Amino acid sequence: MGNMKKLIVLLTAATLLSACNTGGDGELTGVDGRAPGYDQTPYGMVLVEQGSYTMGPSDDDVPWALNAQSKTVSISSFWMDETEITNNEYRQFVHWVRDSLAYRMLGEQIDEYLIRENEFGEEIDPPYINWNEPIVWDGQEEQEILADLYYPENERFFRMKTIDPRKLVYHYYWVDYKQAAEKFTFDNEVRRRYNYETGQYDGELYNEEGIKEEVQDRSSFIMEESTPIYPDTLVWISDFSYSYNEPMANSYFYHPTYDNYPVVGVNWIQAKAFAVWRTNLLNAAQSRRGEPSVQDYQLPTEAQWERAARGGLDLVPYPWGGYYTRDGEGCFLANFKPLRGDYTEDGALRTHEVAAYNPNDFGLYDMAGNVAEWTRNAFDESAYTFTHDMDPEYEYRALDSDPPVLKRKVVRGGSWKDIGYYLQNGTRAYEYQDTAKSYIGFRCVRSYMGSGQDAPSSNVY
C-alpha cells in the first residue's frame, strides 16, 4: 500500500511537470507564459538608438594632445539619463545607506517607526527610518543604539548631533565578466578529464600535456567592495586656492536650493557604486511586481557618451551642431568659462540647475558644460587604436596600490570652469578615479534589450 501511494505521488508530480512544459504535441513551440519581450522606458531616461558615427576630434587639436584619432564605430542601443545626476537624486542613495545601517543596528522591533511605502503605495525595501519620531527599543533611547552613526562629541559644531558621513559605507558585489570569460573559455589546450569509472568529468582542468590547471568556480569572479559614498563637500575649497568658496562647501549638497543642481564631489568609484545600488533598487521592485529584471545601470563608455552627445549629428564640434558657442541672438548655449574670466556671461557663475539650456537632438541636456562627466573607460592615449570598432570599451579597475597612471579615467563634456574647447564632442580629458572635483559629475546608461527599432516609446532617435 505504501509503494502504491508513492507511485501515485510520482505520477501526479510527473503529470504536473508535463502540464507545465510546452510541446506536448511533439512540435517545437518554445516555452509558454513568458513576460512581454520589450524594454520599457526607464524613468528619466531617453533612448539612443543603435547607429554608427565618426568618433574623435571634429576640429583642430588645440593643445596638440594627440590623444585621439577619427574612427568610425558602431554602437548598440542604450538608455541614458536626460540630465546629470542631481544632488537630490544622489541624496536618495545616501539616505538609503543611512537607513540600512540604522535598521540593522536597531533591529526589527522598531517596525512602528518605519516608512514602508512611498507616496505611490509601492513597498520600500529596506524601509526608511522615520527620523522625526523618537525611537525607544528595549528601554533604550535611539541615540544610545545609533551612537556609532553620529559624530563623536569632540567633533561636533556647537554640539549639533549630526550623522558622521564617514560611517556611510556602501557594501556591494559585482561580477567580473571579463575575468570569468578568460578562465572559463575552454579550447583545445584546456580540457576536463573524463573519469570512465564514474562516467563523469572529475572537475579538474588539464592542458594538452596532461598537467593539472587551477580550478576556479563562479565565486572567484564575484567581487566584493565597500566604499564611502558621501560626496566630498570640501572640493569647492580644495580645487581653488585663494578663492572664496566656503558658502558652496557649506550648502551645495545640503540646502534644498541646490536639489536640482548636478552632484559634484563624487569620485569614479562612488559613481560606479551608485550605479550598482540603482540597479539593485529597481530589480528589487521588479521582483516584487513579478516582472523580469533589467540590464545593469552603468557609467557610459566613452563611445556611448560621444554618440549621445552628438545627438545624431556627425562631424560637428558641439552637441547643438554648430561651430560656435552662441546662438543667433548672441546668447551662450552652455554653462562654461567664456571670454577671459567672465564666468557669469553665460548666466551662471558656477554650476547651474540641470536642463537650464536647450537639449541636443536626442533630448539630452548639458552634454556640454555645467559639469564634466565620468565615463566607464580608463584613459589611454592610444585607446582608439586598439579598441574594437563595435561598442569599443577599455575598462581597468585600478587597485589602491596601482601607480597613478593606471587610475586615469576618461572625463567628457567640459564644465562650468572650462573653456569652449573642452565642451567639444570629441575632446578627451581624464581625472584620477579616487579623486573628487567640484566640476565633475556623472549620469548613467542602461543597455537596451533589443535592437532599438522595436522600442514602444516616442523617445526613439
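What follows draws every value from the coordinates through simple rules; no lab data is involved. Worth saying up front: this structure is predicted, and the values here are computed from it rather than measured. For neighbour counting, all protein chains shown are included, and Cβ atoms are generated from backbone atoms with ideal geometry for every residue, glycine included.
Looking at the stretch 288-353, what % of the alpha carbon pairs are farther apart than 14 Å? Roughly 71 percent, once rounded to a whole number. As a calculated quantity, the FRET efficiency between Ser220 and Asn283 at R0 = 22 Å, using C-beta atoms, amounts to about 0.40.
In this rough spin-label picture, where each label sits 7 Å from Cα along the Cβ direction, the Asp259-Asp176 distance is 4.2 nm. Here's how it looks for Leu146: its modeled amide H is under 5 Å from none belonging to a residue 5 or more places away or on a different chain.
With the Kirkwood sum run over all distinct C-alpha pairs, the stretch 43-84 has a hydrodynamic radius of 12.6 Å. In plain terms, the chain from His388 to Gln295 could stretch by 31.3 nm, reckoned as 0.36 nm per residue minus the Cα-Cα distance. For the stretch 350-461, the convex hull spanned by the alpha carbon atoms encloses 139 Å³ per residue. Cβ crowding within 10 Å ranks Lys337, Lys409 as Lys337, Lys409, fewest other Cβ atoms first.
Full extension of the chain between Glu122 and Val62 gives 16.4 nm of extra length, using 0.36 nm per residue less the Cα-Cα distance. Measuring against 22 Å, Cα to Cα, the residue pairs Lys272/Lys437; Lys272/Lys409; Lys409/Lys437; Lys71/Lys178; Lys407/Lys437; Lys167/Lys272 contain Lys71/Lys178 as the ones spanning a longer distance.
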